[in-house]
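Values quoted throughout were computed directly from the atomic coordinates according to the rules given, and no laboratory measurement underlies them. Treat the numbers as computed from the prediction; the structure is a model and nothing was measured. Backbone-built Cβ (ideal geometry, glycine too); neighbour counts: all protein chains shown.
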Amino acid sequence: MSESRLARQDPAQARLRLVLDTNVWLDWLVFDDPSVAPLRAAVEAGRAVVVIDEACEEELARVLAYPRRGRALDAAAQAACLERCRAIAQRAQAAAEADATRLPRCRDPHDQKFLELALRCGADYLVTRDKELLVLARRLPFGVVSAAALPVKGSA
């Protein structure tokens, strides 16, 4: 299944509902990091669906403009990454806010939006490389895992 068709996939048929933090998106969209291959395969096969909201997409757009390895992505490459993200992910509906008081506060306030989205959309997992978020897993009503540790069947 192509990435452009992923956003039209029925989420009720997906096995896992996922929220990706910005670094995982960068691994997928910019670096083509092998650690996200099982995640990508699960999404392409319909075993998972990725959810994003406006705040998380805005952070991704901001971070795509940062210089990496001595140079920044040009505007066209940034736009292409955002288009791929939009094709892959389903946009979270602007529904009633989930009870964010059930969530611990992150040391980094920029990470809180990922916890809130995962709670609000009923995610099975928040996928991250952030060690502080990974430590919070025991205190959350959803899993927090690295892309490599995501429990997807039939992955690469």
Over every pair of different alpha-carbon atoms in the stretch 3-145, take the mean of 1/r and invert it; report that Kirkwood radius in Å. 15.5
Sorted by Cβ density within 10 Å, fewest first, the residues ARG84, ARG71: ARG71, ARG84
Could you list which residues have their amide H under 5 Å from that of VAL49, counting only those 5 or more apart in sequence or on another chain, with H placed in the peptide plane? LEU16, ARG17, LEU18
Quick one: if the Förster radius is 22 Å, what FRET efficiency do ALA80 and ASP108 give, using the C-beta to C-beta distance and rounding to 0.05? 0.20
